[in-house]
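Q: I have a structure I would like to understand better, so I am pasting it below and will then ask my questions one at a time.
The values are calculated or read from the model by the stated rules, or taken from the named source; none is laboratory data. Everything quoted here is computed from the prediction, not taken from an experiment. Here the Cβ positions follow ideal geometry from the backbone for every residue, glycine too, while neighbour counts run over all protein chains shown. Surface areas here come from the heavy atoms of the whole protein model, side chains and all, with no ligands, DNA or RNA. Shrake-Rupley method; radii C 1.70, N 1.55, O 1.52, S 1.80 Å.
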Amino acid sequence: MMPQLGIKDIFIKGARIMDPSDGKDFVAGIMIEGGHIREIGQIKNRAGFPVIDAEGLIASPGFTDMHVHLRDPGDDRVEDIASGIRSAVAGGFTSIACMPNTQPVIDSLPLVNYVKQKAESNDFNIICAAAMTKGQKGSQMTEMGLLADNGVHVFSDDGRPVADARLMYEIMRYSRQFSLLLMLHEEDYNFSKEGLVHEGYWANRLGLEGIPAIGEELVIARDLMLAKKTGARVHITHLSSAGSVGMIRKAKEDGINVTCDVTPHHLFFNHSHLKAFNTNLKVNPPIRGEEDQKALIEGLKDGTIDAIASDHAPHLLEEKNTTFYEARFGAIGMETAFKASYTKLCVHEGMGMGRLLGLMSSGPCKVLGIKNNKIEAGGIADLAIIDTGIRKTVENKFFSKSSNCPFIGQELLSDIVYTINKGKLSYIRE
């Protein structure tokens, strides 16, 4: 019997089960009944359930994307929570963390509850990050204590870094009282406000204003000093430069409570790819040089970088189909995150599959402080089923409402063929 979307009784036959949280790697069947994993092992489909023939495929815990822009509330033309969830499960994600830079900004309990209610109605796990400052204006701290008492444990002013060092210091001190995670977008506008691409050879050759890496690195250095002083738990998101990787590596050695992530597009591309003026590669922070790209990959390999996150940032076609100068910053990425990362890291750079799966599942769960998806009997089935034998060029066809994807036209290896979310078959690859 062929499986259908929405079912909660499934037999997965002959999968290679890889769970990076405990190093699990073996071939077995998985019996899912009523949305829970009933049995794992050398079993047959005694219940007569629909069968997923997973021989030659990998069964991984469902992924967690810790940096997503859903544009809801405010602009559901670009993305809404339902379309964002469809995009997520197509990429193998069963949990996401959404950023607060919506319209209006998610800086109060009613707006947090709006996102939670939408997530519940779509039966999907969304961690809602609330803004650190009111309206993300960088001048007054939000009611972090009240929000924390109501279940918010991640705060960010992503897209609008807090320029006031004293305010950032007070935010860190306050966050420590509630054991909160501060997700930090590190950027000094004095270096970036007129910039379009990474400062360097290709910026000069293309005649585009550059954004130097020092603008990111200065603010990271400041916040690492503040984190050391306060003991706050900080996460540096969408890392882009070699200097940033080096500072965080040293900070971890010094015992500072810091973690970080990187996007697939910063791993896959470098600034030489900008020569085609592809506006889907206009992102913030910018795609940087070859040495930065190499340092990010090395940071993943040696454990400096804790997670891979998409920074999924949808935009309307007219916001991207324009001049490079006028185009908005940002790219969608949930549907290509795994296959782009697998192609670059596992195929080209020799990283083990277990390490990659950890960077997309147990790694972000640990940073966010949420329960890690494990493949074990009795647990809720949150699974991504992966076929590494697929080789296909990315087409302009997405579950997201937007299509500003930098991987369009790139040949990528592997793909998600099934996603089981909260025990329900939520995605089947066409």
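Q: If PHE329 passes every condition in (1) open to solvent by 10 Å² or more (accessible area, probe 1.4 Å); (2) among the aromatic types (Phe, Trp, Tyr); (3) closer than 30 Å to ILE40 by Cβ but one, which one does it miss?
A: Failing condition for PHE329: (3).
Q: Can you find a residue in segment 41-61 that is open to solvent by less than 20 Å² (accessible area, probe 1.4 Å), of a type in the set (Val, Ile, Thr) and either within 23 Å of ASN396 (Cβ to Cβ) or touching a helix residue (DSSP H, G or I) at 6+ places or on another chain (Cβ under 9 Å) (or both)?
A: yes
Q: Residues of segment 411-423 being part of a strand (DSSP E or B) and either of a type in the set (Gly, Ala, Ser) or more than 18 Å from the chain's Cα centre (by Cα) (or both), which ones?
A: Of everything in segment 411-423, those that are part of a strand (DSSP E or B) and either of a type in the set (Gly, Ala, Ser) or more than 18 Å from the chain's Cα centre (by Cα) (or both) turn out to be GLU411, LEU412, LEU413, SER414, VAL417, TYR418, ILE420.
Q: In segment 295-304, is there at least one residue being open to solvent by less than 30 Å² (accessible area, probe 1.4 Å) and either within 15 Å of THR64 (Cα to Cα) or among the basic types (Lys, Arg) (or both)?
A: no
Q: Also, I was wondering about something else. If you go through segment 312-356, how many residues are touching a helix residue (DSSP H, G or I) at 6+ places or on another chain (Cβ under 8 Å), among the hydrophobic types (A, V, I, L, M, F, W, C) and assigned to a helix (DSSP H, G or I)?
A: The qualifying residues number 7.
Residue by residue, here is whether (1) assigned to a loop (DSSP other than H, G, I, E, B); (2) open to solvent by less than 50 Å² (accessible area, probe 1.4 Å); (3) β-branched (Val, Ile, Thr); (4) more than 15 Å from ALA15 (Cβ to Cβ) holds:
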residue	(1), (2), (3), (4)
ILE386	no, yes, yes, no
GLY389	no, no, no, no
LYS392	no, no, no, yes
ASN396	yes, no, no, yes
LYS401	yes, no, no, yes
PRO406	yes, yes, no, yes
GLY409	yes, no, no, yes
LEU425	no, yes, no, no
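Q: Is one or more of the residues making up segment 279-296 in a helix (DSSP H, G or I), closer than 24 Å to SER402 by Cα and touching a strand residue (DSSP E or B) at 6+ places or on another chain (Cβ under 9 Å)?
A: Checked against the condition, which is being in a helix (DSSP H, G or I), closer than 24 Å to SER402 by Cα and touching a strand residue (DSSP E or B) at 6+ places or on another chain (Cβ under 9 Å), segment 279-296 yields at least one hit.
Q: Oh, and also: If you go through segment 193-209 one residue at a time, do you hit one that is within 21 Å of MET66 (Cα to Cα) and in contact (Cβ under 8 Å) with a residue 40 or more places away in the chain?
A: No: zero hits.
Q: Something else: So in segment 264-278, with the set limited to residues that are touching a Phe, Trp or Tyr at 6+ places or on another chain (Cβ under 7 Å) and crowded, with 22+ Cβ neighbours inside 10 Å, which one is farthest from MET66 (Cα to Cα)?
A: LEU274
Q: Return the pairs, sorted by first residue and then second, in which the second residue is in a strand (DSSP E or B) and of a type in the set (Phe, Trp, Tyr), the first residue lies in segment 118-146 and is touching a residue at least 40 places away in the same chain (Cβ under 8 Å) and open to solvent by less than 80 Å² (accessible area, probe 1.4 Å), the beta carbons are less than 8 Å apart, and the residues are 6+ apart or on different chains.
A: As it stands, the answer is ALA129/PHE155; MET132/PHE155, since those pairs meet every condition given.
Q: Out of all the residues in segment 279-294, which are touching a residue at least 60 places away in the same chain (Cβ under 8 Å) and open to solvent by 30 Å² or more (accessible area, probe 1.4 Å)?
A: ASN284
Q: Quick check: is even one residue across segment 244-262 farther than 26 Å from THR336 by Cα, open to solvent by less than 20 Å² (accessible area, probe 1.4 Å), modelled with pLDDT of 95 or more and acidic (Asp, Glu)?
A: Taking every residue of segment 244-262 in turn, none turns out to be farther than 26 Å from THR336 by Cα, open to solvent by less than 20 Å² (accessible area, probe 1.4 Å), modelled with pLDDT of 95 or more and acidic (Asp, Glu).
Q: Another question about this same structure. If LEU5 passes every condition in (1) touching an Asp or Glu at 6+ places or on another chain (Cβ under 6 Å); (2) part of a loop (DSSP other than H, G, I, E, B); (3) farther than 30 Å from THR133 by Cβ but one, which one does it miss?
A: Checking LEU5 against (1) touching an Asp or Glu at 6+ places or on another chain (Cβ under 6 Å); (2) part of a loop (DSSP other than H, G, I, E, B); (3) farther than 30 Å from THR133 by Cβ, the one that fails is (1).
Q: So, in segment 1-25, exactly how many residues are of a type in the set (A, V, I, L, M, F, W, C), within 27 Å of the chain's Cα centre (by Cα) and open to solvent by 50 Å² or more (accessible area, probe 1.4 Å)?
A: Count: 1.
Q: Just checking, does segment 207-226 include any residue being open to solvent by 60 Å² or more (accessible area, probe 1.4 Å) and of a type in the set (Val, Ile, Thr)?
A: Yes, segment 207-226 has at least one match.
Q: For residues that are in contact with a helix residue (DSSP H, G or I) (Cβ under 8 Å, 6 or more places away or on another chain) and not in a strand (DSSP E or B), scanning just segment 371-384, find the one that is least open to solvent (accessible area, probe 1.4 Å).
A: Among residues in segment 371-384 that are in contact with a helix residue (DSSP H, G or I) (Cβ under 8 Å, 6 or more places away or on another chain) and not in a strand (DSSP E or B), the one least open to solvent (accessible area, probe 1.4 Å) is ASN373.
Residue-by-condition table, conditions (1) buried (at least 24 other Cβ atoms within 10 Å of the Cβ); (2) assigned to a loop (DSSP other than H, G, I, E, B); (3) among the hydrophobic types (A, V, I, L, M, F, W, C):
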position	(1), (2), (3)
THR94	yes, no, no
GLN103	no, yes, no
ILE106	yes, yes, yes
TYR114	no, no, no
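Q: Further question on the same structure: From the set of residues in segment 164-187 that are in a loop (DSSP other than H, G, I, E, B) and either surrounded by fewer than 16 Cβ atoms within 10 Å (Cβ to Cβ) or at pLDDT below 95 (or both), which is nearest to the chain's Cα centre (by Cα)?
A: Ranking the qualifying residues of segment 164-187, first place goes to SER179.
Q: Go through the residues of segment 389-396 one by one and say whether even a single one is more than 18 Å from the chain's Cα centre (by Cα) and within 19 Å of MET18 (Cα to Cα).
A: Yes, some residue in segment 389-396 is more than 18 Å from the chain's Cα centre (by Cα) and within 19 Å of MET18 (Cα to Cα).
Q: Check whether at least one residue in segment 334-357 is touching a residue at least 24 places away in the same chain (Cβ under 8 Å), of a type in the set (Ser, Thr, Tyr) and either surrounded by fewer than 18 Cβ atoms within 10 Å (Cβ to Cβ) or closer than 30 Å to ASP76 by Cα (or both), and report yes or no.
A: There is at least one residue in segment 334-357 that is touching a residue at least 24 places away in the same chain (Cβ under 8 Å), of a type in the set (Ser, Thr, Tyr) and either surrounded by fewer than 18 Cβ atoms within 10 Å (Cβ to Cβ) or closer than 30 Å to ASP76 by Cα (or both).
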